[in-house]
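Structure, as structure tokens:
Coordinate-derived values only; no laboratory data. Note that the structure is a prediction, hence the values are computed from the model and not measured. Cβ placement follows ideal geometry from the backbone for every residue including glycine, while neighbour counts extend to all protein chains displayed.
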Amino acid sequence: MALNDLRPVYVIGIGMHPYQNVSETPYGVLGLTAARAALDDAAIAFSEVESSYIATAMLPLAPGRAILRHLGATGAPLVHIENASASGSAAFRQACIDVASGISDVSLALGVDKPKNSLKGERIAGVPFLAEDYIVPFTHFAMLADNYMKTNRVSPEDVALIAVKNLRNGALNPYAQRRQERTLEEVLSGKSVSGSITALQCCPVGEGAAATIVASGDAIHRLGIDPGRVIRVAASATRSQRVYDDAPRYDSMLTQETTALALRQAQRNPAQLDLIELHDAFSIEELEYVEVMGVVPDGQAVSALKDGMFDIGGKCAVSASGGLIAMGHPVGPTGLGQINELTLQLRHEAGARQQPDAKIALAHMVGVGSICYAHVLERP
């Protein structure tokens, strides 16, 4: 059974604390800022929220209660979710399931993180992973970039254009961690992290928070919420990694499966997408993912990029928020930040980075390569 087999779910409120470098700001302040903004945006009281899902990846045990108690001790169910980079996406899906199934009429998904503890479970699982000390994430993606360039006869300059585009978009986003536009020369002149990937082609990991409130149609009517500002969650899909024929590209193969499932649920095809927010922790990922999603044919992402297809105002704006490269990647909130950006865009409230006449959008997130989430949002 898919989400769209149940009752409709709508995003009714969004809120953010800007993503930023690590600071002395307590995580509680980060989370409360986003949660209160989402409640204000929805124009409802916290007492109307019937369940909450708190997404974190690096905070200590059960931080959500320390945040939500300042909004009110309502006794509503509270669940903490950790799913690596996809923690926020997982929390959003669970909130949607609550509402779609009729368990709740209004549900809150809140992501908040500060980089206190980023130890991967694999390192302490007691079962050795032989490549762990040799193929760290940036090396893995540098190898993918090298293979992509050789296969498709493109250059490091071509790959770096992704960072140029996303940093340009991030400069327009008041919530982005990196808010400075950069030239191609500046992107390429930075320190090499691994292979051809430079520092500005990698996402910064800082701190921040994002909150999203979803509700049923009944709740929208009962609470007097403006129906002109709600956004339909048309599909929610998730998959975990399996064994692939093209093993080094497991991130891409998993993305292909999951986004195809989400689009099928929504009864949409890639050509209908006006916007995509995707997991561009490294520049090469955007080129890989738009191809496996079916937005462009294999090997055509660079030419489409150069033609402006993925720009704001292009056929399909990719990472209009600035993506992980510019918006930042505080881990727990990241997937919810994507949902909030797409909600702004579909409401036509995104200001200088507005994709014209946006109606259909896709949010995509992977977590340490092993899990993937995809959501389709639509303007009713």
*asked:* Under 8 Å for C-alpha pairs, at least 6 residues apart: give me the relative contact order for region 333-380, rounded to a whole percent.
replied: 33
*Can you work out ³J(HN,Hα) from phi for every residue in region 155-168, in order, using Karplus 6.51 cos²θ - 1.76 cosθ + 1.60 and θ = phi - 60°, giving whole Hz and x for Gly and Pro?*
10, x, 5, 5, 5, 5, 4, 4, 5, 4, 4, 6, 5, 5
_Contact order relative to length of the chain, as percent, for alpha carbon pairs under 8 angstrom and 6 or more apart_ = 26
*Beta carbons within 10 angstrom, averaged per residue: use that to sort the peptides 225-232, 343-350, highest first.*
343-350, 225-232
*For the chain, set up a Gaussian network in which alpha carbons nearer than 10 Å are linked by springs, and say which option among ALA176, ALA62, ALA84 fluctuates the most.*
ALA62
*Tell me which lysines have Cα within less than 21 Å of LYS359's Cα, excluding those fewer than 8 residues away on the same chain?*
LYS315
*Shape call, region 224-279: gyration tensor on alpha carbons, a/c limit 1.5*: prolate
_Charge context of ALA235, other residues only, Cβ under 11 angstrom, K/R +1, D/E -1_ = +2
_For region 241-308 versus region 192-236, the gap between their alpha-carbon centres in whole angstrom_ = 19
*In the Gaussian network model of the chain, springs joining C-alpha atoms below 10 Å, which of ASN21, ASN152, ASN83 carries the largest mean-square fluctuation?*
ASN152
*Mind checking which of PRO297, ALA84, TYR244 is farthest towards the positive end of the chain's charge dipole, using Cβ charges of +1 (Lys, Arg) and -1 (Asp, Glu) about the Cα centre?*
ALA84
*In the neighborhood of ILE213, defined by Cβ-to-Cβ distances under 13 Å, what is the net charge if each Lys or Arg adds +1 and each Asp or Glu adds -1?*
-4
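Decide, for region 250-359, between rounded, prolate and oblate: order the square roots of the alpha carbon gyration tensor eigenvalues as a ≥ b ≥ c, take rounded if a/c falls under 1.5, and otherwise choose prolate if a/b is larger than b/c, else oblate.
Details: a/c = 1.26, a/b = 1.16, b/c = 1.08.
Because its axes are fairly even, with a/c under 1.5, region 250-359 counts as rounded.
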*Just going by the charge dipole of the chain, with Lys and Arg at +1 and Asp and Glu at -1 on Cβ, which of CYS202, LEU342, ILE97 is farthest out on the positive end?*
ILE97
*Long-range amide H contacts for VAL193: which residues qualify at under 5 Å (H placed 1.01 Å from N, peptide plane, sequence gap of 5 or more or a different chain)?*
THR198, ALA199
*Express in whole angstrom the spacing between the alpha-carbon centres of region 13-38 and region 142-160.*
37
*Which entry is the computed Kirkwood radius over Cα pairs in Å for this structure: (i) 22.5; (ii) 20.5; (iii) 21.4?*
(ii)
*ILE12 long-range amide H proximity, modeled H, under 5 Å*: ILE213, VAL214, ALA215
_Residue-wise HN-Hα coupling along region 183-193, computed from phi with Karplus coefficients 6.51, -1.76, 1.60 (Hz; x: Gly, Pro)_ = 7, 4, 4, 5, 5, 6, 7, x, 4, 6, 8
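Helix-only estimate, please: 222 nm mean residue ellipticity of the chain, summing -39500 (n - 2.57) across DSSP H runs of length 4 or more and dividing by its residues, to the nearest 500.
Numbers: 12 runs with 132 residues, N = 380.
Only helices count here, giving -10500 deg cm²/dmol.
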*Please say if region 47-101 is rounded, prolate or oblate, where rounded means a/c under 1.5 for a ≥ b ≥ c the square roots of the C-alpha gyration tensor eigenvalues, and otherwise the choice is prolate for a/b larger than b/c and oblate otherwise?*
oblate
*Please compute the net charge surrounding ILE54, taking Lys and Arg as +1 and Asp and Glu as -1 over other residues with Cβ under 11 Å from its Cβ.*
-1
*Evaluate the relative contact order of region 191-308 (contact order divided by residue number), counting alpha-carbon pairs under 8 angstrom at least 6 apart; express in whole percent.*
23
_Can you work out the Karplus-derived ³J(HN,Hα) for every residue in region 324-329? Use 6.51 cos²θ - 1.76 cosθ + 1.60 with θ = phi - 60°, whole Hz, and x for glycine or proline._
5, 4, 10, 4, x, 9
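For the ranges 72-80, 277-285, what's the packing order if you count other beta-carbon atoms within 10 Å of each residue, average per peptide, and put the highest first? Mind dumping the intermediate values first?
On the way: 72-80: 13.6, 277-285: 26.8.
Most protected by this proxy first, the peptides run 277-285, 72-80.
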*About the Cα centre of the chain, how large is the charge dipole given +1 on each Lys and Arg Cβ and -1 on each Asp and Glu Cβ? Please answer in debye to the nearest 20.*
420
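How would you rank ILE371, ILE54, going from fewest to most other Cβ atoms within 10 Å of each one's own Cβ?
On the way: ILE371 20, ILE54 29.
With the sparsest Cβ surroundings first, the list reads ILE371, ILE54.
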*asked:* Under 5 Å between amide hydrogens, which residues at least 5 positions from ALA235 or on another chain qualify, with H placed 1.01 Å from N in the peptide plane?
replied: VAL376
